[in-house]
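K.L.:
The structure's right below; bear with me while I get my questions together.
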Amino acid sequence: MNAPAAAATLTAQAFKSDYKPVWCPGCGDFSVLSAITKALPMLALRPEQVAIVSGIGCSSRIPAYTTCYGFHGVHGRALPVGTGLKIARPDLTVVVAGGDGDGYSIGGNHFLHACRRNVDLTYIVMDNHVYGMTKGQPSPTTEPAWPSKLAPGGTGVREFHPLVIALASGANFIARGFSGDPNGAAKLIVEAIRHPGFSFVEILSPCVTFRPDQRSWKEAVRPAPVAATDDPARAARRLMTDDGFNVGVLFTGKRRPYQPPVGKSVLRTADLEREFVL
Amino acid sequence: MRKKKPRKRVQAPRKRGGAYADFMAQAYTMEIEASQRYTEFADQMEVHNNPEVAQLFRKLAGIEGLHAKQILDEMGWPQMPEPVYALQWAGEEPPESAPVTELHYLMQPWHALELALRNEQRAEKFLAGIARSAKTPAVVKKLAAEMAEEEREHIRLIRDWMTRVPKPDRDWNRDPDPPFLGD
């Protein structure tokens with residue numbers, strides 16, 4: 001984490017841009033935006049010290065709604081961009097954000113290797129178990145029996161378990177939040193950013209348009225019954241038997257983050273521009 | 001809801017610290033978070049071309065903002081020293097903040113008021129609970145009871161307001177061109 005030693009604390013409002021989110025009314029992503037903009041001042045960060053990188057999807061619009069540096073990237077490729085940015089600019093606090101389709105399907109391979117590399121960044125996935133932007137197709141985390149026009153009777157395919165995959169791949173911090181508790185989610189994000197290495201925060205974020213049944217998540221979520229562990233074997237047992245609704249910090253690893261020395265041969269902007277001239 | 005004339009509250013302790021200040025910080029957080037949530041709701045309705053409900057949420061945000069300012073004035077705080085998100089509430093959020101999933105793009109003013117009514121009812125229950133609790137210091141107890149009474153007044157005002165807007169039809173949320181890829 002790269003919090004400044006002495007900076008005037010800003011309010012959440014200072015991290016919100018003038019763009020009004022175009023998400024559907026009732027979307028859980030509003031709360032995640034609220035959680036991020038609350039978490040950053042809690043860390044005494046300023047917008048220019050933070051970069052938010054995203055891929056494609058409803059939730060990936062999030063960089064535009066903040067005053068931090070932002071990069072709305074290519075579908076599924078937010079993590080490579082975020083990783084490169086952190087390697088090149090270790091002084092920045094890098095937050096990568098996106099949805100379950102972007103992160104676990106199109107970007108699934110990058111997810112595995114970002115966990116494995118353990119670069120010091122925070123990955124927030126707004127998981128609504130559906131492709132919302134493209135009108136409600138099943139995503140990797142969709143339950144096998146969820147019926148839709150594109151998959152009548154459900155896909156019949158076992159859902160992806162991102163927290164288990166993250167642990168097996170080497171993520172150094174694993175937490176689950178719920179968008180119905182933005183203040184709780186903000187605290188998780190604070191802990192995630194503070195924890196060295198690759199921090200993964202899955203936030204259950206209902207899609208009220210295509211999955212109105214997810215309104216019932218607020219009755220299903222509960223605080224995780226046990227404190228976070230730093231023992232991967234114990235965490236694996238817990239996560240393998242987890243029903244997907246235990247919220248809180250679930251794993252805090254001790255792996256050393258990967259941060260190669262930044263090279264001295266950084267080109268001047270003019271030199272870089274010349275390289276791109278066709 | 002009309003803007004009420006600020007009432008002179010229970011005489012605050014000369015040294016405004018300790019339990020009294022903690023309670024006022026909590027009350028402030030409750031009001032300011034409610035105001036911010038209504039502002040977010042107003043923005044959402046504006047984006048989705050529902051100006052009537054947007055305007056109503058904007059008005060509610062203004063009212064809650066005034067309540068928050070009143071607390072700052074009473075305490076002589078230029079602003080809250082820092083956000084108090086770490087406070088413990090009975091639920092996951094401050095009682096006067098409506099859950100984000102409560103909105104619908106076709107909602108009508110009556111629904112917005114119904115949502116505001118539930119917020120005020122939760123706030124009243126929260127404050128009345130503090131006023132009743134044996135663990136609450138006397139000065140806070142009295143103040144919480146006053147604030148609970150104010151919330152009861154807000155409940156009456158909103159109920160009255162609801163009689164002045166049309167009650168929605170049963171199929172208010174029926175969209176002839178729904179977003180879902182259904183049959």
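Throughout, read-outs are computed from the coordinates displayed, never taken from laboratory work. Keep in mind that what you see is a predicted model, and the values were worked out from it rather than measured. We place every Cβ from the backbone using ideal geometry, glycine too, and count neighbours over all the protein chains shown.
K.L.:
Filter the trypsin sites (Lys or Arg not before Pro) in region A:196-278 to those in DSSP coil with at most 15 other Cβ atoms within 10 Å of their Cβ, and list the result.
P.N.:
Values: sites: A:215, A:218, A:234, A:237, A:238, A:254, A:255, A:264, A:268, A:274; in loops: A:254, A:255, A:264, A:268.
Listed in order of number, the matching sites are A:254, A:255, A:264, A:268.
K.L.:
Would you compute the Debye intensity of region A:124-278 from its alpha-carbon atoms alone, equal scatterers and no solvent, and pass along log10 I(q)/I(0) at q = 0.17, 0.20 Å⁻¹ to two decimals?
P.N.:
-0.97, -1.22
K.L.:
Summing Lys, Arg as +1 and Asp, Glu as -1, what charge do residues with Cβ under 11 Å from the Cβ of residue B:110 carry, residue B:110 excluded?
P.N.:
Here the charged neighbours net out to -1.
K.L.:
If you filter region B:106-183 for chymotrypsin sites (Phe, Trp or Tyr not before Pro), then keep DSSP loop positions with at most 16 other Cβ within 10 Å, what is left?
P.N.:
Hits after loop and neighbour filter: B:172, B:180.
K.L.:
Okay, next question. For region A:15-275, what is Rg from Cα atoms divided by 2.2 N^0.38 Å, rounded to two decimals?
P.N.:
Expressed relative to 2.2 N^0.38 Å, the Cα Rg reads 0.98.
K.L.:
In addition: Taking 0.36 nm per residue of sequence separation and subtracting the Cα-Cα distance, how much length would be gained by fully extending the chain between residue B:134 and residue B:175, in nm to one decimal?
P.N.:
Residue separation times 0.36 nm, minus the Cα-Cα distance, leaves 9.6 nm.
K.L.:
While we're on this one: For region A:10-26 and region A:49-76, what is the separation of their Cα centres, given in Å?
P.N.:
When both Cα centres are located, 13 Å separates them.
K.L.:
Tell me, how many Å apart are the Cα centres for region A:219-235 and for region A:83-145?
P.N.:
That distance is 21 Å.
K.L.:
Turning to a different aspect of this structure: Please compute P(r) over all alpha-carbon pairs of region A:47-97, binned at 5 Å starting from zero, and give each bin as a whole-number percent.
P.N.:
It works out to 5, 26, 35, 23, 10, 1, in whole percents.
K.L.:
Over 19 Å, how big is the tail of the calculated P(r) for region B:18-162, in percent of all Cα pairs? Intermediate values should be presented prior to the final figure.
P.N.:
Numbers: 5346 of 10440 pairs.
Across region B:18-162, Cα pairs with separations above 19 Å total 51 percent.
K.L.:
Per DSSP helix of 4 or more residues, -39500 (n - 2.57); summed, then divided by the residues of chain A. What does that give at 222 nm, rounded to the nearest 500?
P.N.:
-8000 deg cm²/dmol
K.L.:
How long is region A:52-186 along each principal axis, judged by its Cα atoms, biggest number first, in Å?
P.N.:
49, 32, 30
K.L.:
Taking only C-alpha pairs under 8 Å that are 6+ residues apart, what is the relative contact order of chain A in percent?
P.N.:
This gives 18 percent for chain A.
K.L.:
If each of residue A:19 and residue A:268 carries a label point 7 Å out from its Cα toward its Cβ, how far apart are those two points in nm?
P.N.:
The two pseudo-label positions are separated by 3.3 nm.
K.L.:
What is region A:35-101's relative contact order, in percent, from Cα pairs under 8 angstrom and six or more apart in sequence?
P.N.:
Relative contact order here is 37 percent.
K.L.:
Further question on the same structure: Taking 1 over the mean of 1/r across every pair of different Cα atoms in the protein assembly as shown, what Kirkwood radius in Å do you get?
P.N.:
It works out to 23.6 Å.
K.L.:
Taking the Cα centre of each part, how many Å lie between region A:174-198 and region B:136-153?
P.N.:
Using only Cα atoms, the two centres lie 34 Å from each other.
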